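One structure is given below, encoded as structure tokens.
The values are calculated or read from the model by the stated rules, or taken from the named source; none is laboratory data. Computed from a prediction, not measured in an experiment: that's the story for all the values here. When we count neighbours, we look across all protein chains shown, and the Cβ atoms used for this are built from the backbone with ideal geometry, even at glycine.
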Ligand code: SF4
């Protein structure tokens, strides 16, 4: 399996800018962005970020407001603030370098076991057990013979992933990257392309007659959720250069109010406000969204209104 996957990876892998000749900082930024956002949306933002902030020190020197603006619509913006805090720690503790061991990476703000293992492996060539959703799905099918892994990561899965890892560090890195890419391109969640799979002959799920999943994975609803409202409010604050008065977020009471908002803020704010108001959010949900953004450090509130953290 190791050889088949490695060969397939060398021939088929996507040419992504955070692979190959990329700085550890570039790898770390990519891993944070890719946690909950697809490659196609991440790549342009990643390129912009690395151009603008090529090192942790350059990034740490930026204001949180600018970081959140540049994060744009990647979603889950707390990731950007945590990366900002991690960059500050790298400057303070590691002379502006990305630390190169799993334990040091794990100690950075907002870095979990997956990201620490992935950066240690892909940026520094270390032998680490990397387990993300794509890898879990491939292991479940290829080795266990199940259509899907368990709903939440189990210790048995971690043990299996560790057992499957090649002993040689370079081979282990290629295996981690190869299985991850196989899950992203071929062994996909809804419609695996088994005809194109380099390990079809060994696949336990195929041998078992492709049994159906034992549960239906929960999708992540978006419409009507607090996340949607928070996203719409963040779009307003990103577009604004000055505090946005709470009355505007609730919706202008009169046409004069709307005209005043146009005059007080750049045009992008009116457009983003329009999208927020189109949601017709009921009062408790908007209150909850605003309070949550302030609690999470994504917004500041004063008598002048709401704005990105300074
Ligand atoms: Fe996945 Fe199909 Fe390959 Fe098995 S044969 S690992 S199910 S793509």
### Query
Quick check: is even one residue across region 152-171 modelled with pLDDT under 95, within 21 Å of residue 24 (Cβ to Cβ) and out of contact with any strand residue (DSSP E or B) (no Cβ under 9 Å at 6 or more places or on another chain)?
no
### Message
Give me the residue from region 17-36 that is in contact with a helix residue (DSSP H, G or I) (Cβ under 7 Å, 6 or more places away or on another chain) and not in a helix (DSSP H, G or I) and, out of that set, surrounded by the most Cβ atoms within 10 Å (Cβ to Cβ).
### Response
18
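From the list 240, 258, 246, which one is at pLDDT below 85 and at negative phi? Give the derivation first.
Values: 240 fails: at pLDDT below 85; 246 fails: at pLDDT below 85.
Result: 258 is the single residue among 240, 258, 246 that is at pLDDT below 85 and at negative phi.
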### Query
What number goes with the only condition from (1) more than 21 Å from residue 4 (Cα to Cα); (2) away from the ligand (no atom under 16 Å from the Cβ) that residue 190 does not pass?
(2)
### Query
Hey, residue 230 hits all of (1) surrounded by 15 or more Cβ atoms within 10 Å (Cβ to Cβ); (2) within 16 Å of the ligand (Cβ to nearest atom); (3) under 21 Å from the mean Cα position of the chain (by Cα) but one; which does it fall short on?
(2)
### Message
Which of the numbered conditions does residue 139 fail, given that it passes all the others? Conditions: (1) under 16 Å from residue 199 (Cα atoms); (2) not in a helix (DSSP H, G or I).
### Response
(2)
### Query
helices (runs of 4 or more DSSP H) wholly in region 51-98 with at least 3 residues that are farther than 23 Å from residue 37 by Cβ - which ones?
78-94
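Just wondering, is there one or more residues in region 109-127 that are within 16 Å of the ligand (Cβ to nearest atom) and in a helix (DSSP H, G or I)? First the steps, then the outcome.
Keep residues of region 109-127 that are within 16 Å of the ligand (Cβ to nearest atom), which gives none.
No, region 109-127 contains no residue that is within 16 Å of the ligand (Cβ to nearest atom) and in a helix (DSSP H, G or I).
Across region 142-159, what is the number of residues that are within 16 Å of the ligand (Cβ to nearest atom), within 25 Å of the chain's Cα centre (by Cα) and part of a helix (DSSP H, G or I)? I'd like the intermediate steps shown before the answer.
Of the residues in region 142-159, the ones within 16 Å of the ligand (Cβ to nearest atom) are 142-149, 157.
Next cut, within 25 Å of the chain's Cα centre (by Cα) only: 147-149, 157.
Remaining after also requiring part of a helix (DSSP H, G or I): 157.
Adding up the residues that qualify gives 1.
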### Task
Check whether at least one residue in region 211-219 is in the same structural domain as residue 288 (by TED's automatic domain parsing), at pLDDT below 95 and either within 16 Å of the ligand (Cβ to nearest atom) or out of contact with any strand residue (DSSP E or B) (no Cβ under 9 Å at 6 or more places or on another chain) (or both), and report yes or no.
no
### Task
Could you check residue 287 against (1) surrounded by fewer than 16 Cβ atoms within 10 Å (Cβ to Cβ); (2) part of a helix (DSSP H, G or I); (3) in contact with a helix residue (DSSP H, G or I) (Cβ under 6 Å, 6 or more places away or on another chain); (4) modelled with pLDDT of 90 or more and say which number it fails?
(3)
### Query
Does at least one position in region 148-169 carry a residue that is under 23 Å from residue 37 (Cβ atoms) and out of contact with any helix residue (DSSP H, G or I) (no Cβ under 9 Å at 6 or more places or on another chain)?
yes
### Message
Considering only residues that are within 12 Å of the ligand (Cβ to nearest atom) and without any contact (Cβ under 8 Å) to a residue 40 or more places away in the chain, which ones fall in region 162-187?
### Response
186
